[in-house]
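Comments concern the structure below.
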Amino acid sequence: MAHIDSVTLEVTDLSSARSFYDAAFDLGDVLHLRETDAPTSGFRGYHLSLVAAQPGDVHALFDAAVAAGATVLKPVAASLWGHGGVVQAPDGAIWKVATSARKDSAPVPRTIDEVVLLVGAADVRASKAFYVERGLTVGKSFGSYVDFGKGSGRVGFGLYKHRALAKDAGVPPEGSGSHRLVVHGDLGTVTDPDGFAWEPARVSHGG
């Protein structure tokens, strides 16, 4: 089964981006950074989710990101499904920090249980077919949302309707230019229907 090994964020200031992620999330070799001057504006069509075990971890991760320079898009709040908030990193990437737990049950270590990439699709059905044809297995699928099985990968992956994903992130849906994101997995070198680029998995550590 196809899977995602890591992601690369393309940034304009490599040193500053490294400093931010080291202080905020410290994702190790699940996250790489690459310098670029590719034009981009508005919503880039995706967000990355950090799934934690309990609300305390969510608050700790969220607060660390804000202290490191992130902009708050949605403050951490309780909802029907748990707790979560959204920030935008100085490089422009959007990060959602969330948990399905309603209360803390242990000390708060500020750990991350899972990283999930959600891509906004113009046509969810067409994008779903693209990935299924290339070996991704559908775990859940309903309406405008598709969750692919993680398999042996280290990053979860799903599709969401573009406008709905922007609303979930707390930003307007309009955007243009580069996504400034590269997905590393075993699909080879391909570009999906929404312009998201895949490259072979990386094995080196760090940015």
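From the residues in the stretch 101-126 that are at pLDDT 90 or above, assigned to a loop (DSSP other than H, G, I, E, B) and within 18 Å of the chain's Cα centre (by Cα), which one is surrounded by the fewest Cβ atoms within 10 Å (Cβ to Cβ)?
At the first step, the residues of the stretch 101-126 found to be at pLDDT 90 or above are 112-126.
Now restrict to residues that are assigned to a loop (DSSP other than H, G, I, E, B): 112-113, 122-123.
If we keep only those that are within 18 Å of the chain's Cα centre (by Cα) as well, we get 112-113, 122.
Details: ILE112: 18, ASP113: 11, ALA122: 13.
Checked the stretch 101-126; the qualifying residue surrounded by the fewest Cβ atoms within 10 Å (Cβ to Cβ) is ASP113.
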Which of the residues that make up the stretch 109-136 are of a type outside the set (A, V, I, L, M, F, W, C), within 15 Å of HIS162 (Cβ to Cβ) and free of Cβ contacts under 8 Å to residues at least 40 places away in the same chain? ARG125, LYS128
For the stretch 14-25, state whether one or more residues are over 13 Å from the mean Cα position of the chain (by Cα) and within 21 Å of PRO107 (Cα to Cα). yes
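Can you tell me which of GLY85, GLY139 is free of Cβ contacts under 8 Å to residues at least 40 places away in the same chain, at negative phi and in contact with a Lys or Arg (Cβ under 7 Å, 6 or more places away or on another chain)?
Values: GLY139 fails: in contact with a Lys or Arg (Cβ under 7 Å, 6 or more places away or on another chain).
Exactly one residue qualifies, and that residue is GLY85.
So in the stretch 1-25, with the set limited to residues that are of a type in the set (Val, Ile, Thr) and not in a loop (DSSP other than H, G, I, E, B), which one is farthest from VAL115 (Cα to Cα)?
Filtering the stretch 1-25 down to residues of a type in the set (Val, Ile, Thr) leaves 4, 7-8, 11-12.
Filter again for not in a loop (DSSP other than H, G, I, E, B), leaving 4, 7-8, 11.
Numbers: ILE4: 10, VAL7: 10, THR8: 13, VAL11: 20 Å.
In this case the residue turns out to be VAL11.
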Tell me which strands (runs of 3 or more DSSP E) are completely within the stretch 127-207 and hold 2 or more residues being aromatic (Phe, Trp, Tyr), or say none if there are none. 145-148, 155-161
Quick one: count up the residues across the stretch 153-201 that are surrounded by fewer than 17 Cβ atoms within 10 Å (Cβ to Cβ), more than 18 Å from ALA89 (Cα to Cα) and in contact with a His (Cβ under 9 Å, 6 or more places away or on another chain). 5
Among the residues of the stretch 53-76, write down those that are of a type in the set (A, V, I, L, M, F, W, C), at pLDDT below 95 and either surrounded by fewer than 18 Cβ atoms within 10 Å (Cβ to Cβ) or more than 18 Å from the chain's Cα centre (by Cα) (or both). ALA60
Report every pair of residues separated by at least 6 positions or lying on different chains whose Cβ atoms are under 8 Å apart, first residue within the stretch 19-35 and more than 16 Å from ALA60 (Cβ to Cβ), second assigned to a loop (DSSP other than H, G, I, E, B) and of a type in the set (Lys, Arg). ASP29/ARG202; VAL30/ARG154; HIS32/ARG202
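Quick check on my filter: what residues within the stretch 58-82 are part of a strand (DSSP E or B), free of Cβ contacts under 8 Å to residues at least 60 places away in the same chain and under 22 Å from ASP22 (Cα atoms)? Let's see the steps before the verdict.
The initial filter retains those residues of the stretch 58-82 that are part of a strand (DSSP E or B), namely 71-79, 82.
From what is left, the residues that are free of Cβ contacts under 8 Å to residues at least 60 places away in the same chain are 71-72, 75-79, 82.
Within the stretch 58-82, THR71, VAL72, PRO75, VAL76 meet the criteria.
The values are calculated or read from the model by the stated rules, or taken from the named source; none is laboratory data. Computed from a predicted structure; not experimentally measured. Reconstructed Cβ throughout: ideal geometry from the backbone, glycine too, with neighbour counts over all protein chains shown.
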